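Presented below is the structure to which this report refers.
The values are calculated or read from the model by the stated rules, or taken from the named source; none is laboratory data. Just so it is clear, the model here is predicted, and its values are computed rather than measured. Ideal geometry is used to build each Cβ from the backbone, glycine not excepted, and the neighbour counts take in all protein chains shown. Calculation scope for accessible area: heavy atoms of the full protein, side chains included, ligands and nucleic acids excluded. Shrake-Rupley method; radii C 1.70, N 1.55, O 1.52, S 1.80 Å.
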Amino acid sequence: MSYRKICLAVALQRYLDITPIAARLRELALAIARESGAALAVLSVEAPVELLPEVETMGEKLERFVEPILQSDLEVHSELREGRPSREIAAFVREVGGDLLLVGSHSKRSAIDVGVGSTASALLRELDEVPVLMVRPTADEQDRAEELKIPRYPMVFPYG
């Protein structure tokens with residue numbers, strides 16, 4: 001199948017650095033876009049709270065995440081939004097005309113994920129017209145992401 005616009009939703013706000021699953025998602029999105037000749041649209045959704053002062057801004061982190069994509073010959077658009085990730089991601093995919101969404105899924109779920117439903121499953125319900133490719137982190141990627149979490153960062157809805 002050929003795609004015109006591939007959307008990549010990546011969680012950056014809870015972490016001190018780009019997580020291994022986010023980097024793997026970026027490489028997968030690049031590979032599919034190259035094969036399809038598609039443009040890429042990258043989104044990260046920031047929870048409406050302040051990051052710790054010594055941590056880079058979300059805008060800076062998103063720019064650093066997108067840099068390898070910019071070095072390719074693909075068309076790329078990136079955007080940072082604030083709000084509930086499932087709503088913002090679904091709206092973004094529709095607004096940019098995405099015909100494929102790549103998103104990470106967390107295999108270790110917290111009690112709040114079970115109680116309110118994960119962002120990944122909410123996206124499956126929201127985007128029934130767009131294929132959603134969910135990539136689960138390996139155990140090593142999950143452990144590394146835990147090590148990169150910002151201490152005392154408020155609970156948000158993770159999505160890759």
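Residue-by-condition table, conditions (1) polar (S, T, N, Q); (2) over 16 Å from LEU148 (Cβ atoms); (3) not in a loop (DSSP other than H, G, I, E, B):
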| residue | (1), (2), (3) |
| --- | --- |
| ASP17 | no, no, no |
| ARG24 | no, no, yes |
| SER44 | yes, no, yes |
| GLU56 | no, no, no |
| GLU63 | no, yes, yes |
| GLU79 | no, yes, yes |
| GLY98 | no, yes, no |
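Looking only at residues in the range 119-160 that are open to solvent by less than 20 Å² (accessible area, probe 1.4 Å) and among the polar types (S, T, N, Q), the one that is modelled with the lowest pLDDT is THR119.
Among the residues making up the range 29-56, those that are in contact with a Leu (Cβ under 7 Å, 6 or more places away or on another chain) and at pLDDT below 90 are GLU46, VAL55. Residues that are without any contact (Cβ under 8 Å) to a residue 60 or more places away in the chain and either within 19 Å of ARG81 (Cα to Cα) or open to solvent by 10 Å² or more (accessible area, probe 1.4 Å) (or both) within the range 18-38 comprise ILE18, ALA23, ARG26, GLU27, ALA31, ARG34, GLU35, SER36, GLY37, listed in sequence order.
For GLU79, indicate whether it is open to solvent by 70 Å² or more (accessible area, probe 1.4 Å), modelled with pLDDT of 80 or more and closer than 22 Å to ARG24 by Cα. So GLU79 does not fit the description; no.
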